[in-house]
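Report on the structure given below.
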């Protein structure tokens, strides 16, 4: 399986994959659908790519005009892969890569407001829900316009209710579900 940048300034660049099976790269078809949904709203946005893996989603955001992307990853091989892919795509100057535990980071106050938060943790471990609860319990991560997108296997989906987030859309692509939440935080 290979991954590439689908649109924008780095269109066509082939991305390195993380050695081993510690990550699950997003399929190009799903990534393309995601950015078709986001559309031109990505231009000028701040993008948070939690559980960055190869960095493919945040890199796609930067390629399509996001101003800034923060990638978080706890796996050192994945971190190196993200760095390599940012160099390949020449998007490093608008990105930050942090070796950190996502839940630890979400307990702190963010340095920036984010327009998009993308969550694609390891599957079948309940981490997506822990991550959503961490964001919901620390609404400093949510600006009024923030959209949170969860990528999970449809079998992982369960009924959820949050204080500061509301689901408004979901799209299924085979064994991948993109689930969209909007911030309920006011100015």
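So, restricting to strands (runs of 3 or more DSSP E) that lie completely within region 38-107, which ones have at least 1 residues that are surrounded by fewer than 24 Cβ atoms within 10 Å (Cβ to Cβ) and more than 14 Å from the chain's Cα centre (by Cα)? Can you show your working first?
Working: elements: 46-50, 68-73, 95-99.
The qualifying strands (runs of 3 or more DSSP E) are 95-99.
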- Note on the structure: Among residues of region 108-129 being modelled with pLDDT of 95 or more and part of a helix (DSSP H, G or I), the residue surrounded by the most Cβ atoms within 10 Å (Cβ to Cβ) is 128
- Note on the structure: Picked from region 26-37 (must be in contact with a helix residue (DSSP H, G or I) (Cβ under 7 Å, 6 or more places away or on another chain) and part of a helix (DSSP H, G or I)), the residue nearest to residue 177 (Cα to Cα) is 31
- Note on the structure: Residue hits (region 84-110; within 29 Å of residue 11 (Cα to Cα) and without any contact (Cβ under 8 Å) to a residue 24 or more places away in the chain) are 87, 92, 93
- Extreme residue, surrounded by the fewest Cβ atoms within 10 Å (Cβ to Cβ), among residues of region 130-148 that are in a helix (DSSP H, G or I) and in contact with a strand residue (DSSP E or B) (Cβ under 9 Å, 6 or more places away or on another chain): 139
- Which of (1) closer than 20 Å to residue 117 by Cα; (2) at pLDDT 95 or above does residue 29 not meet, given it meets every other one? (2)
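If you scan region 157-166, which residues turn out to be in contact with a strand residue (DSSP E or B) (Cβ under 9 Å, 6 or more places away or on another chain) and either surrounded by fewer than 17 Cβ atoms within 10 Å (Cβ to Cβ) or assigned to a loop (DSSP other than H, G, I, E, B) (or both)? Before the answer, list the steps.
Start the filter on region 157-166 by keeping residues that are in contact with a strand residue (DSSP E or B) (Cβ under 9 Å, 6 or more places away or on another chain), which leaves 157, 160, 162, 164-166.
Within region 157-166, 157, 160, 162, 164, 166 meet the criteria.
What residue, of 187, 170, is over 13 Å from residue 51 (Cβ atoms), out of contact with any helix residue (DSSP H, G or I) (no Cβ under 7 Å at 6 or more places or on another chain) and in a strand (DSSP E or B)? Reasoning before the result, please.
Working: 187 fails: in a strand (DSSP E or B).
Checking each option against the conditions leaves just 170.
The values are calculated or read from the model by the stated rules, or taken from the named source; none is laboratory data. From a predicted model like this one, the values you see are computed outputs, not experimental measurements. Backbone-built Cβ (ideal geometry, glycine too); neighbour counts: all protein chains shown.
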